[in-house]
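The values are calculated or read from the model by the stated rules, or taken from the named source; none is laboratory data. If you're wondering where the values come from, they're calculated on a predicted model, not measured in any experiment. Cβ placement follows ideal geometry from the backbone for every residue including glycine, while neighbour counts extend to all protein chains displayed.
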Amino acid sequence: MAAEFAPDDQQLDGKVAIVSGAGAVEGGIGNGRAASILLSRAGARIVAVDRDLDRAAETVQMIEAEGGTAFAHAADTTLEADCQAMVAKVMETYGRVDVLDNNVGIGSSGTVVDESLENWERVMRVNVQSMFMAAKFAIPAMIDSGGGGAIVNVSSISALRPRGLTAYSASKGAVISLTRAMAMDHAADGVRANCIAPGPVYTPMVYSRGMSEAAREGRRKASPLGIEGSGWDIGNAVVFLCSARARYITGQTLVVDGGITASGPARDPNA
Ligand SMILES: NC(=O)c1ccc[n+]([C@@H]2O[C@H](COP(=O)([O-])OP(=O)(O)OC[C@H]3O[C@@H](n4cnc5c(N)ncnc54)[C@H](O)[C@@H]3O)[C@@H](O)[C@H]2O)c1
């Protein structure tokens, strides 16, 4: 008997995907750049959005070099007007929106005692407000496009296992709740919303701050698999969650961390 549902490899043919924070510094592979390239390989036309247009344009060059279709768009996704203009530009150019990879995020460290209110507000604005704003305009466009929609909001395992990154952890926890709210509120519209919670991933955000080989090795050892995550690991999870293969999945958080959050202290065999 033929399979009832057997999606092929080009799962996103004809679809249009907006990726925020699609650039990366120093020609590297960040989570947004990797997702843009992998969504393109799956058949989608890509809108690479970044507040730094040169970074987004570099992502577009990489996609076009492989024969994909994309354009770069400059936007500060914390701003309502920029998010509105971003979606208007996508509708004008491609006439539809199917996927939103809400990937923008900034890091921050400090305890609740030493974190400043100013920085707390900045982190919340970039990490949470950006996702709220982009979705506010993308969801109606997805509904108008008539093919449902898929949103991925990028959280972090810091939301699940916070340590010394108070504002960042709180912002990424809010991303999980925001995702569940979007998923419930728009399921009847055919829009799915899921979260990815990456573990330590070796992206330009991390290595441009400087990271010794010893620190990198420590990150590898923190994972039961003994390996370090890359932007490609996150990008592959984005493609899966946005494809028809995930059609029955919404409101979930997919942890992509080499098993870090599943691990605990080694069991004492004599205990
Ligand atoms: N790298 C990690 O280890 C790690 C771990 C967990 C979660 N994450 C999350 O993954 C996402 C991407 O991380 P990355 O390491 O690839 O980051 P990155 O710094 O390499 O790339 C982020 C991009 O977002 C852009 N950006 C920042 N603020 C913006 C704004 N207001 N408007 C538009 N663009 C903006 C930057 O210009 C940059 O090009 C973030 O949400 C981050 O919190 C990363």
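For the condition within 18 Å of the chain's Cα centre (by Cα) and either of a type in the set (D, E, K, R) or part of a loop (DSSP other than H, G, I, E, B) (or both), ASP101 qualifies.
With respect to the conditions (1) within 16 Å of the ligand (Cβ to nearest atom); (2) surrounded by fewer than 22 Cβ atoms within 10 Å (Cβ to Cβ), ARG55 falls short on a single one, namely (2).
With respect to the conditions (1) over 15 Å from SER130 (Cβ atoms); (2) touching a Leu at 6+ places or on another chain (Cβ under 8 Å), VAL19 lacks only one, and its number is (1).
Restricting attention to segment 202-218, the residues that are in contact with a helix residue (DSSP H, G or I) (Cβ under 6 Å, 6 or more places away or on another chain) and surrounded by 14 or more Cβ atoms within 10 Å (Cβ to Cβ) add up to 2. Of note, TYR168 does not satisfy the criterion of being touching an Asp or Glu at 6+ places or on another chain (Cβ under 6 Å) and aromatic (Phe, Trp, Tyr).
Checking the condition touching a residue at least 60 places away in the same chain (Cβ under 8 Å) and away from the ligand (no atom under 16 Å from the Cβ), which residue from VAL154, VAL87, VAL97, VAL113 passes?
Exactly one of VAL154, VAL87, VAL97, VAL113 is touching a residue at least 60 places away in the same chain (Cβ under 8 Å) and away from the ligand (no atom under 16 Å from the Cβ), namely VAL97.
Results for (1) near the ligand (Cβ under 10 Å from one of its atoms); (2) of a type in the set (S, T, N, Q); (3) at pLDDT 95 or above; (4) not in a helix (DSSP H, G or I), shown as yes or no for each residue.
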| position | (1), (2), (3), (4) |
| --- | --- |
| GLU4 | no, no, no, yes |
| PRO7 | no, no, no, yes |
| GLN11 | no, yes, no, yes |
| GLY23 | yes, no, yes, yes |
| ILE37 | no, no, yes, no |
| VAL49 | yes, no, yes, yes |
| MET62 | no, no, yes, no |
| ALA72 | no, no, yes, yes |
| THR77 | yes, yes, yes, yes |
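Within segment 243-271, the residues that satisfy the criterion of being touching a residue at least 40 places away in the same chain (Cβ under 8 Å) and within 16 Å of the ligand (Cβ to nearest atom) are THR253, LEU254, VAL255, VAL256, ASP257, GLY258, ILE260, THR261.
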